[in-house]
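**Student:** One structure is given below, represented as structure tokens, and several questions about it will come after.
Computed from the coordinates by the stated procedures, all read-outs in this text should not be read as laboratory data. Keep in mind that what you see is a predicted model, and the values were worked out from it rather than measured. Quick reminder, even Gly has a Cβ in these numbers, built from the backbone with ideal geometry, and neighbours come from all protein chains shown.
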Amino acid sequence: MNGYVTDSTYADTWFRELSPAWLNYVAALNGSRPQPLDGAFRYLELGCGFGTSSVLNAAAFPHGWFDACDFNPAHVQRGVAYAARLGLGNITFHETSFEELLGADLEPYQFIVMHGVHSWVDASTRQVLRRLVDRLLHPGGLLYVSYNALPGWSAELSLRRLLVELAAGEAGTAAQRAGIAVERIASLRRAGLRYCTANPAAASAVDAYARGEAEYLAHEFMNEAWDPSYAIDVADEFGAIGLEFAGSATLTNNHLPLMVDTGTASAIAELPTLRQRQLAADFAINQRFRRDVFVRDAGSSTRPEYFEQTVIGCATDVEDIGATAPVPRGEIRFHDAFVRDVRALFAHRSWPFAQAAAELHAAAVNSGAGRDQDRAAVARNLVFMVASGVLAPFAMVPSADPTRPTRLASTTVERALTADAVRLRRLVPSAVHGNAVAIDEETATALAKWSRGEEVSETFVSRRLPTLARLGIVR
Ligand SMILES: C[S@@+](CC[C@H](N)C(=O)[O-])C[C@H]1O[C@@H](n2cnc3c(N)ncnc32)[C@H](O)[C@@H]1O
């Protein structure tokens, strides 16, 4: 199995960035054509782990067809069971290696994603992944690849070498051996390691390992391969099969002003090539993890209208939209009046970007004196609201405004409310959001009660229910 850890299961996780709607947003932001989501489309996840993301995407996109591949039987079994619990008929799990998948008879996909795979497999497996993408990604299709990035992991490259060596020869699972090695590193550090003195980041990493879960460490470090990459090298790798970098699914990374201060931004902007600017930006933020989106055969047909038609919405209660939001540079602050307008606009529905920007611009003009009435500034603030997570990419504008919802939207939603929770959250698919929504226990309980006609709190009715209606979780 090319030295990949299979004796301990990977953490059960869901990643919103893997949604087709999210990937389309990234493509459109940079002028590439998004893939149509209202009809049939095909989506492949390579190295799906427990398949939580693929299952929830399949639930949110009943018109899409989802294939999820992983060679770890325990992972696949859990994914199959989860899909069955939600009653899905549009997802197939392939308990097979990437190498074997090359020989399978599969139609091309509009989306191929691999999260947490690239840095953790060896060069020959990466070549297989590239061949799979080359064979199976539709022209114009989008590829998502996440990986550990350099320079952010520089200090830990050497630590990981030490960890693997100290675990070698020990008995037990990868997680148990990782645990033993971490204890040894921690005691070496207490005795004194100049490496840690010279590299404060390495010292903090040792402390974090000692506090962390051995299972996570096993999957992070104990595979035979662990190769963090520079973004420009990954771009070259997929460039060789005709893919072009379209943008980052870590949305803030698409906007230099949200990442670094103005001095650093202008120093980066002065560099002569895009490649140099991209590399410098990763040095500027000490980039550790990238979620890159590539488009196949983008050609020269990038168009701003793709983005104008892209739908955005609010996935939380609008009252939670605040005037500040955390971004890598620190904090971004929006004007109070703009925040009020955004809350009012997104309270009941999602909007195509251009329409939302026009409405907000009109609101600023109508409110008169003292407001920033520049159309471009309004649009930029709106993009920044999505990038900072205040708003989010959505799959669609709902067809009707459910002002007085009476029931759960579907049996899938009903089943998701009672399916195994991922770490105490209920992950509920939303077709309008084109993503899953993490619902806390209190809301899940109230929602279940409400759907049975039982009494619920006024807060639930006035705050949570409108959000759930806007997301199409109730109707
Ligand atoms: C780090 S996990 C990521 C899981 C999931 N994508 C996530 O992010 O939660 C990588 C996954 O790739 C699978 N994998 C690694 N090498 C593989 C191979 N050659 N063929 C099939 N699956 C592989 C592992 O079993 C594991 O579930």
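**Student:** Dividing the convex hull volume of the alpha carbon atoms of region 157-309 by its residue count, what do you get in Å³ per residue? Could you put the intermediate results ahead of the total?
**Tutor:** On the way: hull volume 26.3 nm³, N = 153.
Given the Cα convex hull of region 157-309, per-residue volume reads 172 Å³.
**Student:** While we're on this one: For residue 195 and residue 262, what does the FRET efficiency come to when R0 = 25 Å and r is the distance between their Cβ atoms, rounded to the nearest 0.05?
**Tutor:** 0.10
**Student:** Round to a whole angstrom and tell me the spacing of the C-alpha centers of region 150-167 and region 41-93.
**Tutor:** 33 Å
**Student:** Hey, another quick one. Please give, to one decimal in nm, the separation of the simple spin-label points placed at residue 104 and residue 273, each 7 Å out from Cα toward the Cβ.
**Tutor:** 3.8 nm
**Student:** Can you tell me what the convex hull of the Cα atoms of region 320-460 projects to on average, as an area in nm²?
**Tutor:** Average projection, Cα convex hull of region 320-460: 10.4 nm².
**Student:** Near the amide H of residue 289, under 5 Å away, which other amide H atoms are found, from residues 5 or more places off or on another chain, if H is placed in the peptide plane?
**Tutor:** 149
**Student:** Run through the DSSP bridge list for the chain and note the antiparallel percent, rounded to the nearest 5.
**Tutor:** Counting DSSP beta bridges with both partners in the chain, the antiparallel share is about 55 percent.
**Student:** What is the local net charge at residue 153, summed over the other residues whose Cβ is closer than 9 Å to its Cβ (Lys, Arg +1; Asp, Glu -1)? Don't skip to the end; give the middle numbers.
**Tutor:** Working: positive: 160, 288; negative: 156.
Computed value for this residue: +1.
**Student:** Using each residue's phi in region 56-68, evaluate 6.51 cos²θ - 1.76 cosθ + 1.60 at θ = phi - 60° and report the 3J(HN,Hα) Karplus result to the nearest Hz, with x for Gly and Pro.
**Tutor:** 5, 5, 4, 5, 7, 10, x, 7, x, 10, 10, 10, 10
**Student:** Work out how much length residue 365 to residue 407 would gain on full extension: take 0.36 nm times their residue separation and subtract the Cα-Cα distance, in nm to one decimal.
**Tutor:** 11.2 nm
**Student:** Expected output is a single nm value to one decimal: the length gained when fully extending between residue 380 and residue 92, i.e. 0.36 nm times separation in residues minus the C-alpha distance. What is it?
**Tutor:** 99.7 nm
**Student:** If you don't mind, there's one more thing I want to ask. Going out from 0 in 10 Å bins, what whole percent of all Cα-Cα distances in region 279-345 drops into each bin?
**Tutor:** 14, 27, 35, 23, 1
**Student:** Okay, moving on. Based on the mean of other beta carbon atoms within 10 Å per residue, what is the order of 38-49, 338-349, most packed first?
**Tutor:** Descending mean neighbour count gives 38-49, 338-349.
**Student:** So how far apart, in nm, are the two label points at residue 280 and residue 127 if each is 7 Å from Cα heading toward Cβ?
**Tutor:** Here the answer is 3.6 nm between the modelled labels.
**Student:** If you don't mind, another one. With label points built 7 Å along Cα→Cβ from the Cα atoms of residue 85 and residue 154, find their separation and express it in nm.
**Tutor:** Once both label points are built, they end up 4.4 nm from each other.
**Student:** Please give the Cα centre distance for region 192-223 versus region 244-264, rounded to the nearest Å.
**Tutor:** Value for the Cα centre distance between the two parts: 28 Å.
**Student:** Now for a separate question. Mind putting a number on the dipole of the chain about its Cα centre? Charges go on the C-beta only, +1 for Lys and Arg and -1 for Asp and Glu, and I need it in Debye to the nearest 20.
**Tutor:** 720 debye
**Student:** With point charges of +1 on the Cβ of Lys and Arg and -1 on the Cβ of Asp and Glu, referenced to the Cα centre of region 168-237, which listed residue (191, 225, 178) lies farthest in the positive direction of the dipole?
**Tutor:** Toward the positive end, the furthest listed residue is 191.
**Student:** Okay, moving on. Per DSSP H run of n ≥ 4, the term is -39500 (n - 2.57); total these for the chain, divide by its residue number, and report the mean residue ellipticity at 222 nm rounded to 500 deg cm²/dmol.
**Tutor:** -13000 deg cm²/dmol
**Student:** Shifting gears a bit: Of all alpha-carbon pairs in region 105-244, indicate the percentage at a distance above 22 angstrom.
**Tutor:** When all Cα pairs of region 105-244 are counted, 47 percent exceed 22 Å.
**Student:** After finding the eigenvalues of the alpha carbon gyration tensor for region 7-96, what semi-axes result from the square roots of 5 times each, listed largest first in whole Å?
**Tutor:** So the equivalent ellipsoid measures 24, 15, 10 Å along its semi-axes.
**Student:** Rounded to whole Hz and in sequence order, give me ³J(HN,Hα) for region 235-249 from the Karplus expression 6.51 cos²θ - 1.76 cosθ + 1.60, θ = phi - 60°, writing x for Gly and Pro.
**Tutor:** Along region 235-249, the couplings run 4, 5, 4, 8, x, 5, 10, x, 9, 10, 4, 9, x, 10, 6 Hz.
**Student:** As an exercise, use a Förster radius of 22 Å and the Cβ-Cβ distance of residue 232 and residue 13 to find the FRET efficiency, rounded to the nearest 0.05.
**Tutor:** The pair residue 232/residue 13 has a calculated efficiency of 0.20.
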